[in-house]
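Notes follow once the structure below has been shown.
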Amino acid sequence: MTLTKRTIKLTTPFTDQKPGTSGLRKSSSQFETPHYLESFLEAILRTLPGVDGGTLVVGGDGRYGNERAINIIMSMAAAHGLKKVITTTNGILSTPAASHLIRSRKAIGGIILSASHNPGGRNGDFGVKVNGSNGGPAAEALTNSIYSCTQKLEEYSLIDIPKISLQSQGNQQIGEMKVEIVDGVEDYVVLMQNLFDFDLIQNFLLQDFSFIFDAMNAVTGPYAKRIFEDLLNAPKGSVLNGLPLEDFGGSHPDPNLTYAKDLAELLLTKKQYSFGAACDGDGDRNMVLGKGCFVNPSDSLAVLTANAHLVPGYADGLKGVARSMPTSSAVDAVAKKIGINCFETPTGWKFFGNLLDANEITLCGEESFGTGSNHVREKDGLWAVLFWLQILAKRNTSVEEIMHEHWTEYGRHYYSRHDYEEVDSEAASDLYSNLEKLTPKLVGKQFATGTVMLADNFNYKDPIDNSLTTNQGLRIILDDSSRIIIRLSGTGTKGATLRIYLERYISNPGETRKNPQIVLSDLITSINNLAEIPKMTGMNAPTVIT
Ligand code: VG1
Ligand code: CO
């Protein structure tokens, strides 16, 4: 069957993508305005190397708009000469599973439909993320090319096709292009089985150890049920909110103490389970909790690094590790002890890509509940949960014990992030530029708990391709190793989000069981005063404290 290609002229220019971001995240209603999604897809399909004759992976976290977007991608992909599009039943594909599929099927890249941890539904957010052939978020150069393409876009093309049913696996043909619908869970599960000892974890779960996982009505439900309930024999019902819903049941699929508060209550207040975990909308983030014990994501990366030798997939040792700049230095201490490199990158998973591809690092992570390794090129929520279970099983201990032993050995990097959400954009940018002028003047002076050694705006030179990324966050570093970082979020969709990251190192093992907010209080007060946060934002307290 030959199908006819149609070209549609654009009357309004597309100006919405922010330069430097590897996708587009906006309200669902914005994505439903005519030609909007199509315009961004056109820029991707014109820019991604290898489109002509190539294979593309497409799927999403199941939020409102997912199947519509998959159908539009099919009709545009056919018009741009792709040989094959691989998608999944019901379009369900987590971000890490997409990364794996891109790599294992040697695709030219992928389009992941998700606004990650942002709420979904008709009144929520939608997003389009672009990944390259290494399976990772599009690197800066590709992102910039897509951005410049959006700036001069005058038309887009598609082929009219009947709606494709994603209900079952199989192959379909659209003109010259093949559509392959696969099970989005299976390949990923096999990858996990290759990295972890499922028998050992299964036996451990049979002991006096209770487990609960919250899929937050988002993409990890089917993966978690398969892995934990079917393969590891956790009791049925161990996976809460396991059915992906278009609006995530009206909740905010962000695994932190504020938005996953039901789970936090089960573990921290009621102390009903030995272990609890949750993942975000698209499955790349994770939160790990023990009985009465919250694991800070920065500490989690440090613990995984220190115990990686206990995991079959990493038994040969680690090449190196990396963390994003605002992530605490807890992992640095472990890297130093085991004698491997520790790289510091800007916020965002794309900056780990080159280091992973060049085999300079094996594990990496961010303070924002992201941990991952060289098994894919995205952070991976369920992988992190399995990693923790493997360590617990091998050491036959509890999360709380692991944390206390870790802090006793390495000291504790007390850490917290304060987020001020939906701040007026102008007020937020004024606050930031005021601070940018003020902070360099602090060098040599007393501030909070010590003397300021360095105050700058973080720049990063990629050690592999030497590319330079500037303006990645203000840092104030003190002589007692305390750090305060100030950034404006790049992923929010309403107003601006101000993030303040606070870190203080205490080496004395006797002082590692304190409340972080108390230990960090001098830093908190000092930065609140310097930045005049209440006055500038009109907010007396952060929206989210992690
Ligand atoms: C946030 C996090 C960052 C993470 C990014 C994408 O960015 O801070 O660490 O990489 O979200 O996560 P920002 O610019 O809002 O601080 V996800 O789960 O969207 O892939
Ligand atoms: Co995410």
Kindly state, as a whole number, the per residue volume in cubic angstrom of the convex hull around the alpha carbon atoms of the stretch 188-409. 112 Å³
Average accessible area per residue (Å²) across the chain - probe 1.4 Å, nucleic acids and ligands excluded: 38 Å²
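Could I get the Rg over Rh figure for the stretch 5-182? Both from C-alpha atoms, Rh via Kirkwood, rounded to two places.
Working: Rg = 14.6 Å, Rh = 15.8 Å.
Looking at the stretch 5-182, the ratio lands at 0.92.
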Can you give the local net charge around residue 509? Use residues other than it whose beta-carbon is closer than 9 angstrom to its beta-carbon, Lys and Arg +1, Asp and Glu -1. -1
So which aspartates and glutamates pass the test for residue 152, namely a Cα distance under 15 Å, with those fewer than 8 places away in the same chain ruled out? 16, 38, 42
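Give me Rg/Rg_expected for the chain, where Rg uses Cα atoms only and Rg_expected = 2.2 N^0.38 Å with N residues.
On the way: Rg = 23.0 Å, N = 546, 2.2 N^0.38 = 24.1 Å.
That ratio works out to 0.95.
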Could you name the aspartates and glutamates whose alpha carbon sits less than 14 Å from that of residue 270, not counting residues in the same chain fewer than 8 places away? 262
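What number comes out for the charge environment of residue 69, summing +1 per Lys or Arg and -1 per Asp or Glu over other residues with Cβ under 15 Å away?
Details: positive: 25, 26, 63, 68, 122, 129, 163; negative: 32, 38, 42, 61, 67, 125, 246, 282.
Residues near residue 69 contribute -1 overall.
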Among 213-224, 474-485, 519-530, 429-440, what's the highest-first ranking by average C-beta atoms within 10 angstrom per residue? 213-224, 474-485, 519-530, 429-440
Taking only Cα atoms of the stretch 325-474, radius of gyration then Dmax in Å: 18.2, 52
Identify all lysines with a Cα-Cα distance to residue 163 below 16 Å; exclude those on the same chain that are fewer than 8 residues away in sequence. 178
Counting only Cα, what are the radius of gyration and maximum Cα-Cα distance Dmax of the stretch 412-545, in Å? 15.4, 45
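May I ask for the Kirkwood hydrodynamic radius of the stretch 85-178, worked out over all distinct Cα pairs and given in angstroms to one decimal?
This gives a value of 15.4 Å.
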If you take the alpha carbon radius of gyration of the stretch 389-442 and divide it by 2.2 N^0.38 Å, what ratio comes out, to two decimals? 2.02
If one computes the Cα centroid of the stretch 140-159 and of the stretch 338-365, what distance in Å separates the two points? 29 Å
Dimensions of the stretch 183-317 along principal axes (Cα, Å, largest first)? 43, 36, 28
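Per the Kirkwood treatment, what hydrodynamic radius in Å, one decimal, follows for the stretch 299-364 from the mean inverse distance over all distinct Cα pairs? Before the final figure, lay out the partial values.
Working: mean 1/r = 0.0851 Å⁻¹.
After inverting the pairwise mean of 1/r, the radius is 11.8 Å.
Counting Lys and Arg as +1 and Asp and Glu as -1, what is the net charge of the other residues whose Cβ lies under 10 Å from the Cβ of residue 407? Please list the in-between numbers first.
Numbers: positive: 412, 513; negative: 299, 405, 409, 511.
Value of the local net charge: -2.
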Scan the stretch 300-368 for chymotrypsin sites (Phe, Trp or Tyr not before Pro) in coil per DSSP, keeping those whose Cβ has at most 14 other Cβ atoms within 10 Å, and list them by number. none
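Quick one: with all protein chains in place, what share of the accessible area of the chain is carbon or sulfur, to the nearest percent (1.4 Å probe)?
Values: 9810 of 20900 Å².
Reported share for carbon and sulfur atoms: 47 percent.
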Expressed in angstrom and rounded, the centroid-to-centroid distance over alpha carbons for the stretch 235-270 and the stretch 375-406 is 19 Å
From phi via Karplus (6.51, -1.76, 1.60), per-residue ³J(HN,Hα) for the stretch 265-282 in Hz, x at Gly/Pro: 5, 4, 8, 8, 9, 7, 6, 8, 10, 7, 8, x, 8, 8, 10, 8, x, 9
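Just to be sure I understand: of the beta bridges DSSP finds with both ends in the stretch 254-396, what percent are antiparallel, rounded to 5? Walk me through the numbers before you get to the answer.
Numbers: 12 of 20 bridges.
DSSP beta bridges in the stretch 254-396 are roughly 60 percent antiparallel.
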Percent antiparallel among DSSP beta bridges (both partners in the chain, rounded to 5): 70 percent
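Please list the equivalent ellipsoid semi-axes of the stretch 1-68, computed as the square roots of five times the alpha-carbon gyration tensor eigenvalues, in descending order and whole angstrom. Mind showing how you got there, number by number?
Numbers: eigenvalues 85, 56, 48 Å².
Equivalent ellipsoid semi-axes, largest first: 21, 17, 16 Å.
Note down the magnitude of the dipole of the chain about its Cα centre, charges +1 on Lys and Arg C-beta and -1 on Asp and Glu C-beta and zero elsewhere, to the nearest 20 debye. The partial results should precede the final answer.
Details: 51 positive and 61 negative charges, 72 e Å.
In total the dipole reaches around 340 debye.
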Write out the trypsin sites (Lys or Arg not before Pro) in the stretch 87-117 meeting two conditions: DSSP loop, and at most 12 other Cβ atoms within 10 Å of their Cβ. 106
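The stretch 19-109: percent of C-alpha pairs farther apart than 18 Å? Don't jump to the answer; show the numbers that get you there.
Numbers: 1849 of 4095 pairs.
Of all Cα-Cα pairs in the stretch 19-109, 45 percent lie more than 18 Å apart.
Among 26/83; 129/437; 129/319; 437/535; 106/379; 18/461, which pairs are too far apart, with a Cα-Cα distance over 23 Å? Write out the running numbers ahead of the final one.
On the way: 26/83 30 Å; 129/437 34 Å; 129/319 29 Å; 437/535 18 Å; 106/379 20 Å; 18/461 21 Å.
Flagged as over cut-off: 26/83; 129/437; 129/319.
The values are calculated or read from the model by the stated rules, or taken from the named source; none is laboratory data. Small disclaimer: the values here were computed from a predicted structure and weren't measured. Cβ atoms come from the backbone with ideal geometry, glycine included; neighbour counts cover every protein chain shown. Each accessible area value is taken on the protein alone, full model and side chains, heavy atoms only, with ligands, DNA and RNA left out. Shrake-Rupley method; radii C 1.70, N 1.55, O 1.52, S 1.80 Å.
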